[in-house]
DNA sequence: ACGATGATGAAC
DNA sequence: TTCATCATCGTA
């Protein structure tokens, strides 16, 4: 089983998409990697979400179709990879924080050579970046939910459990 | 614990 | 045009 995730998959609340992206495969020019860590930025009311400040040149991709790639540059050196979720003109997205073997949103984009070339483009084969369902089943007990990282400025939104991490298989639960 | 390093948005 | 800030990371 190998199905490319389509617009319909991303046309849902960011938290649902973030959770369901765990165990899916990110396909890039550097190969295929299972997604292991995500964060949801749920919309313009979310103080941690870039669209909280309104529509600007930077956040424009978030207002496009679900499944659009949103990439921004921060701290003068790191590219962050996001997928737009929900209806067109509703600015929400999911940050991809880690894949199997690569932990950290900045390390991930560096390792997979993802930069602004992919910004505001659709997640499709032609783009060179897309996501596949390869039939990996994730049980609820394999998912850790925590507050999001690096958003201490976000007031009451700071502690919302919008970060999803796929727990490592440790073998201890196997018979 | 801190500095790197530059785009971004808001203030002036 | 200037300034503070930043969904981070490597080194100490």
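With springs only between Cα atoms under 10 Å, which of A:139, A:58, A:107 fluctuates most in a Gaussian network model of chain A? Result for chain A, Cα springs under 10 Å: A:139 fluctuates most.
Mean-square fluctuations from a GNM of chain A, with a 10 angstrom spring cutoff on Cα atoms, peak among A:37, A:142, A:65 at A:142.
The value of relative contact order for region A:83-175, using C-alpha pairs under 8 Å at least six residues apart, is 14 percent.
The overall shape of region A:1-124, judged from the alpha-carbon gyration tensor, is oblate: a/c is not under 1.5, and a/b is no greater than b/c.
Distance between the modelled labels on residue A:56 and residue A:77, one decimal in nanometres: 2.3 nm (7 Å Cα→Cβ projection). From helices alone, chain A scores -2500 deg cm²/dmol at 222 nm; the rule is -39500 (n - 2.57) for each run of n ≥ 4 DSSP H residues, then divide by the residue total. Take every pair of alpha-carbon atoms less than 8 Å apart whose residues are at least six positions apart; their mean separation over the length of chain A yields a relative contact order of 28 percent. A Gaussian network model of chain A, with springs between Cα atoms under 10 Å, assigns the largest mean-square fluctuation among A:36, A:68, A:127 to A:127.
Every number here is computed from the coordinates shown, using simple stated rules; none is lab data. These numbers were taken from a predicted model, which means no experiment stands behind them. Here the Cβ is made from the backbone with ideal geometry for all residues, glycine too, and neighbour counts use every protein chain on show.
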